[in-house]
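Notes follow the structure.
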Amino acid sequence: MVLWPEAAEPAPRSRFALSPRAESVLDVVITVTGLIVATLLGVALAVVEAVWAPLRIGGFRVPASLVVALVTNPMLGWFAYTVTKRRLATLLPAAAWCVVWIMAAGRTTEGDMIITEDNWVGLLTLFAGPLAFAVGIYISNMRQHVAPTRATTAKPSPEPPPAGS
């Protein structure tokens with residue numbers, strides 16, 4: 001039984017332990033790869049959502065792209081922050097998603113539009129998607145910086161002196 005952490009023996013090194021230089025290189029590789037994956041996922045999801053925006057079943061618009069954006073955009077922000085541990089890096093998948101949607105809202109050279117003015121699903125997704133990113137980024141940042149409560153930082157009060165002394 002260990003009462004004090006200082007008295008504990010150090011854990012034996014694994015035979016797979018990396019040198020500090022190799023660890024820092026591996027950390028950079030994981031960070032960059034994760035950011036590339038998050039950005040490519042942002043582009044891919046934006047394309048899928050833009051294609052689903054005009055979806056109709058039985059003459060009624062189906063908000064599939066809106067639901068997918070509201071569910072996946074916060075996850076992309078969380079993933080980018082978790083992989084990089086940098087708040088600004090979370091903006092890259094969000095920016096990629098927004099660029100695809102802004103391009104989808106414009107006309108092609110032939111004059112076609114994916115997101116038209118009568119497509120309430122597309123317009124709502126265009127506005128709610130970036131908000132979903134913002135919520136995801138905010139929540140992931142707040143979870144990382146939770147301040148200790150007063151109860152956890154309070155020091156025990158000294159015991160009162162015994163009666164009769």
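We did not get these values from a lab; they are worked out from the coordinates using the rules stated. This is a predicted model, so every value here is computed, not measured. Here the Cβ positions follow ideal geometry from the backbone for every residue, glycine too, while neighbour counts run over all protein chains shown.
Using a 7 Å offset from the Cα along the Cα-to-Cβ direction at both N141 and V71, what is the distance between the two label points in nm, to one decimal?
2.7 nm
Bin all alpha-carbon pair distances of the stretch 55-144 at 10 Å intervals from 0 and give each bin's fraction as a whole percent.
Once binned at 10 Å, the Cα pair distances of the stretch 55-144 give 17, 41, 27, 12, 2.
Of V121, A89, A64, which is farthest towards the positive pole of the stretch 55-144's charge dipole, taken about the Cα centre with +1 and -1 on the beta-carbons of Lys, Arg and Asp, Glu respectively?
In the stretch 55-144, that residue is A89.
R0 = 35 Å: FRET efficiency of R21 with I102, Cβ-based, nearest 0.05?
On the way: r = 42 Å, r/R0 = 1.21.
That gives a FRET efficiency of 0.25.
Quick one: dipole size for the stretch 55-144, taken about the Cα centre, charges +1 on Lys/Arg Cβ and -1 on Asp/Glu Cβ, in debye to the nearest 20.
Working: 7 positive and 4 negative charges, 108 e Å.
So the dipole magnitude of the stretch 55-144 works out to roughly 520 debye.
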